[in-house]
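What follows is a single structure, written as C-alpha cells, with notes after it.
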Amino acid sequence: MNRLNQLFNIKKDNLLSIYYTAGYPGLNTTLDIAEALEKTGVDFLEIGFPYSDPVADGPTIQHSSEKALESGMNLNLLFEQLADLRKRVTIPILLMGYVNPMIQYGVERFCKKAAEVGVDGVIVPDLPMYEYETLYADHFQANNLSNIFLVTPQTSEDRIRKIDELSNSFIYLLSSSSITGGNLQVSINIEDYYKRIKAMRLKNPAIIGFGISDNKTFTKACEYAAGAIVGSAFVKLLGTEGYMEKIDGFVKGIRP
Amino acid sequence: MKYGVNEQGYYGDFGGAYIPEMLYPNVEELRQRYLTIINDDAFKAEFEQLLKDYVGRPSPLYHAKRYSEKYGANIFFKREDLNHTGSHKINNAIGQILLAKRLGKKRIIAETGAGQHGVATATVCALMGIECVVYMGEIDMARQAPNVSRMKMLGAKVVPATSGSKTLKDATNEALRDWIGNPVDTHYIIGSVVGPYPYPDMVARFQSIISLETKKQLLEHTGKELPEYVMACVGGGSNAMGMFYHFLDDETVKLVAVEAAGKGVDSGHSAATTFLGREGVLHGSRTILMQTDDGQVVEPYSISAGLDYPGIGPQHAHLYKINRAQYVSVTDDEALQAGLLCCQLEGIIPAIETAHALAQLEKMKFAKDDNIVICISGRGDKDLDTYIKYFGY
C-alpha cells in the first residue's frame, strides 16, 4: 500500500490535486513548490517531467515544458532533486510525463528510482494499456507504484471496466476530450457522462481533470467524483512574478 | 506477408499505438474498420477509378537510357512525379478520403512539411466537398509559400504550427491536438507510413499500387517481374514503402532506402534517422528516431523539406533492424548535383527528395544486366528556387 492508497482509504471526497512541471519556472524550484502546496492543504501532487512533443497538452503546459527543457531539466536531474522529497513533503506524489523519456531512461530503472525517492504513482498519457500490461506492469508493481489511466467521455464501458481492473488507486476522468488547459463546460452530455461513471460503481475512485481552474469548476467536479486536479491554471500562476506568495491564495480560492 | 504487421500493430519490435486515451476511440474505430472498408469491392472500384481518371495512373515505368548508359545497368524510373499534384502523396490522400467518407466523417485534418501532402489532401477534399484544415510549421510556411497558396486556392484552411521547432513534427503535434479536441466528426489523413497503428499499414497499402504496377510493367519491359534493385528516398517513408511493398517477400530483390544526410551525417545538421537515431516512441509508434540521451526529440535538418523528419515509419525501422532493406544516406550537395544530372540526361526535373535516391546511384556497383527501379517520387517544380539559388541559373 502506498501513500495514495492510504489517502483514498481515509478521504473519499473533495480531494484536490495540483499539477506543475518540474524545472519551471526555475530549474531548482521543484521541491520548494511541492512544500508550499502541502502547506496549503492540497491532498496530492502531480509533478510533470517535461517532453519536447507533448501532444496531450495545451499551450500553457507546452510552454512550461519548453522552458524547463531549456533550463536543463531531465529525469536524472529530477530524481536528484527529489532525493530529499520525503524529508520535506509527506503527501502522495505522482510523476506525470510522456513515455519516450521513460523508455530512454529505462522503464525498470525509472520505476526503481521513483520508488526510492518516495514517489507513489505515475501518469503516462501515451502509454497504452496493452503495452503497459505486456511490457511494464511488473516493474510498476514490484516498486509499489500506481499507474493512473485516463478515461474520456468517449471511452467505452468495457474499456472503463478493464481500466478499473488494472488500476489500484484512482481513475483520471477527463472532463472532455481535449488537451490540457481548456475550459470545463458542464453540458447535459457531460453530466450524463459523470452520472454514467458514477453508476458503474467502480472499485477505484474517480478524480476529474482537464479544465478545472477555479472554485466553480472544482465544486462542480466534486459533485460527481472524489475530487479534481488543477494543472494549467496553476502553471499559469507560476509564470507570474512573486508566485511563491500567491500559492496559498490560489489554492484557497479553489477550495476554501 | 512475412514482413507485414501483426494483430497488435507491430512489425517485430516496432509499431503499436502509443496514443493518449483521448485518441483511442478514433484510432480504434479505424483499426476495426480499415481492412473491411478497403477490401470492399465497391471501395476498390471507386479507388481504382479515381487513380485512373483523376490521378492518371498507372504511372509510367520509363527505361532511362542515358542513365542506364552512365551507370552500366538497366535503370528504370517509376514516374510518380507525373501524378496529379506532382507526387505519390495523392495515392494515399485518395484512399483516405474515400475511407473517411465511409466512416461518416465531415471534416479532414492533415499535417504537412513541404506542402506536398497538404496539397494532395486539400485536392481530395475539394474533390469530395469536405472541409479541410492543414497544419504546417510556421517556418515551413515561409519556405514553401507557393504550396501554402495552392492549398488556400483549393479551399483548405492552413493553420501555422507555432510550437516547438515550428516544422513538420510540430505540425503533426498540432494535428493530433486538433483530433483530440474533435474526436467524432474529424478524420486525420496522415501523410506517411508513420503514426499509431493502423496508419503505417493503411498508408503502405494505399501506396503499394506503386510496386504492384511496377511488377507488371517490368515484365513487359524485361520479361521478368523482379529487378535486382529497388530504390527510393525515405523521410517518413511512404514512397519507399509503396515502392518496396510487393517486392518485400521476393528476397532476391535488394531494397535500398536513401535518407537525407543534410550537411553530413556527423555535421549536426542531418536527417539520417537510422544513422543518428535510437529506438523510442514518436507520434504514436515505437520506431527509430533522432533524440537526445534524455529522450527529447531532436530537430532534423535536410535541404529537402519532405525528408526533414526525425523518425521513420515503424515498418522501415523493422526492415532496417532485420537487414531486409539497406538504409544509406546522401547529403544536400550530392542530392542537388544528382537532381541537375537528371534534368540534363533525362529531361526530368525531380523533387529534391527524389534526387536523394538518384544520388545513391553514384555509390553503387551494378552488373551490366542488372535491372534497377528507382521511385521518382515527385517533380521538382516546387524546388526550383532551391535549385536556381544553388546552381546560379
Worksheet item: With a sphere of radius 12 Å drawn around the Cβ of A:ASP53, what net charge do the other residues whose Cβ falls strictly inside it have (Lys, Arg +1; Asp, Glu -1)?
Response: -4
Discussion item. Please list, ordered by chain and number, the residues whose modelled amide H lies under 5 Å from the amide H of A:GLU46; skip anything fewer than 5 residues away on the same chain.
Written reply: A:ILE18, A:TYR19, A:TYR20, A:LEU94
Discussion item. Expected output is a single nm value to one decimal: the length gained when fully extending between B:ASN6 and B:ASN39, i.e. 0.36 nm times separation in residues minus the C-alpha distance. What is it?
Written reply: 10.1 nm
Worksheet, complete the sentence: Expressed in angstrom and rounded, the centroid-to-centroid distance over alpha carbons for the stretch B:44-102 and the stretch B:1-16 is 26
Worksheet item: How big is the gap, in Å, between the Cα center of the stretch B:202-236 and the Cα center of the stretch B:285-309?
Response: 27
Practice prompt. Using label points projected 7 Å from each Cα along Cα→Cβ, tell me how many nm separate A:LYS12 and B:LYS365, to one decimal.
Written response: 8.0
Item to complete: When a/c is below 1.5 the answer is rounded, else prolate if a/b is larger than b/c, else oblate, so apply that to the stretch A:14-249 with a ≥ b ≥ c taken from the square roots of the Cα gyration tensor eigenvalues.
Response: oblate
Item to complete: Using the Cα centre as the reference, give the magnitude of the dipole from point charges on the C-beta atoms of the stretch A:14-249 (Lys, Arg: +1; Asp, Glu: -1; all else neutral), rounded to the nearest 20 debye.
Response: 480
Item to complete: Just name one of B:MET151, B:GLY113, B:TYR327: the one whose Cα is farthest towards the positive end of the charge dipole of chain B (beta-carbon charges, Lys/Arg +1, Asp/Glu -1).
Response: B:MET151
Item to complete: When a/c is below 1.5 the answer is rounded, else prolate if a/b is larger than b/c, else oblate, so apply that to chain B with a ≥ b ≥ c taken from the square roots of the Cα gyration tensor eigenvalues.
Response: rounded
Fill in: 10 Å Cβ shell holding at most 11 others, DSSP loop, trypsin sites (Lys or Arg not before Pro): longest site-free stretch of chain B
B:3-223
Response to the item:
Charge tally for neighbours of A:THR90 with beta carbon under 9 Å away, counting Lys, Arg as +1 and Asp, Glu as -1, is +2
Practice prompt. Express in whole angstrom the spacing between the alpha-carbon centres of the stretch B:324-393 and the stretch A:186-229.
Written response: 58
Discussion item. If you take every DSSP beta bridge fully contained in the protein assembly as shown, what fraction is antiparallel? Give it as a percent rounded to 5.
Written reply: 20
Worksheet item: Under a point-charge model restricted to the Cβ atoms of Lys and Arg (+1) and Asp and Glu (-1), what is the dipole moment magnitude of the protein assembly as shown relative to its Cα centre, in debye to the nearest 20?
Response: 880
Item to complete: Within the stretch A:145-159, find all residues whose amide N lies under 20 Å from a label point positioned 7 Å from the Cα of A:MET1 along Cα-to-beta-carbon.
Response: A:145-148
Worksheet entry | Helix-derived mean residue ellipticity, 222 nm - over chain A, DSSP H n ≥ 4, -39500 (n - 2.57), to 500 | -13000 deg cm²/dmol
Fill in: Listed residue pairs exceeding 27 Å between alpha carbons, taken from A:LYS39/A:LYS220; B:LYS44/B:LYS152; B:LYS44/B:LYS78; B:LYS105/B:LYS157; B:LYS2/B:LYS365; B:LYS65/B:LYS216
B:LYS44/B:LYS152; B:LYS2/B:LYS365
Practice prompt. For an R0 of 41 angstrom, estimate the FRET efficiency from the Cβ-Cβ distance between A:LYS87 and A:GLU157 and round to the nearest 0.05.
Written response: 0.40
Worksheet entry | Förster-model FRET efficiency, 41 Å R0, B:HIS84 and B:ASP293, C-beta, rounded to 0.05 | 0.40
Item to complete: Write out the cysteines belonging to chain B for which the nearest other cysteine Cβ is not under 4.7 Å, or none if no such cysteine exists.
Response: B:CYS233, B:CYS342, B:CYS343, B:CYS375
Response to the item:
per DSSP, antiparallel bridges as share of beta bridges in chain B, % nearest 5, sits at 30
Worksheet item: Out of A:ASN144, B:PRO25, B:TYR309, whose Cα points farthest toward the positive end of the dipole of the protein assembly as shown (charges: +1 Lys, Arg; -1 Asp, Glu; placed on Cβ)?
Response: B:PRO25
Worksheet item: Given charges of +1 on the Cβ of Lys and Arg and -1 on the Cβ of Asp and Glu, with all other atoms neutral, how large is the dipole of chain B about its Cα centre, in debye to the nearest 20?
Response: 660
Worksheet item: At what distance in nm do the modelled label points of B:ASP53 and A:LYS216 sit from each other, each positioned 7 Å from its Cα along Cα→Cβ?
Response: 5.5
Response to the item:
Heads up, the protein assembly as shown by the C-alpha gyration tensor (a ≥ b ≥ c square roots of eigenvalues; a/c under 1.5 rounded, else a/b over b/c prolate, else oblate) looks prolate
Worksheet item: Extension gain B:GLU251-B:ARG66, at 0.36 nm per residue separation less the Cα-Cα distance, in nm?
Response: 63.7 nm
Worksheet entry | Sum of -39500 (n - 2.57) over DSSP H runs of 4+, divided by residues of chain B (222 nm, nearest 500) | -12000 deg cm²/dmol
Item to complete: Please compute the net charge surrounding A:VAL119, taking Lys and Arg as +1 and Asp and Glu as -1 over other residues with Cβ under 10 Å from its Cβ.
Response: +1
Worksheet item: What GluC sites (Glu not before Pro) does the stretch A:173-255 have in DSSP loop regions with at most 10 other beta carbons within 10 Å?
Response: A:GLU241
Practice prompt. Just name one of B:PHE206, A:GLY121, B:VAL281: the one whose Cα is farthest towards the positive end of the charge dipole of the protein assembly as shown (beta-carbon charges, Lys/Arg +1, Asp/Glu -1).
Written response: B:PHE206
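Only the coordinates and a few stated rules stand behind these numbers; no lab work does. Owing to the predicted nature of the structure, the values given are computational and were not obtained by experimental measurement. Backbone-built Cβ (ideal geometry, glycine too); neighbour counts: all protein chains shown.
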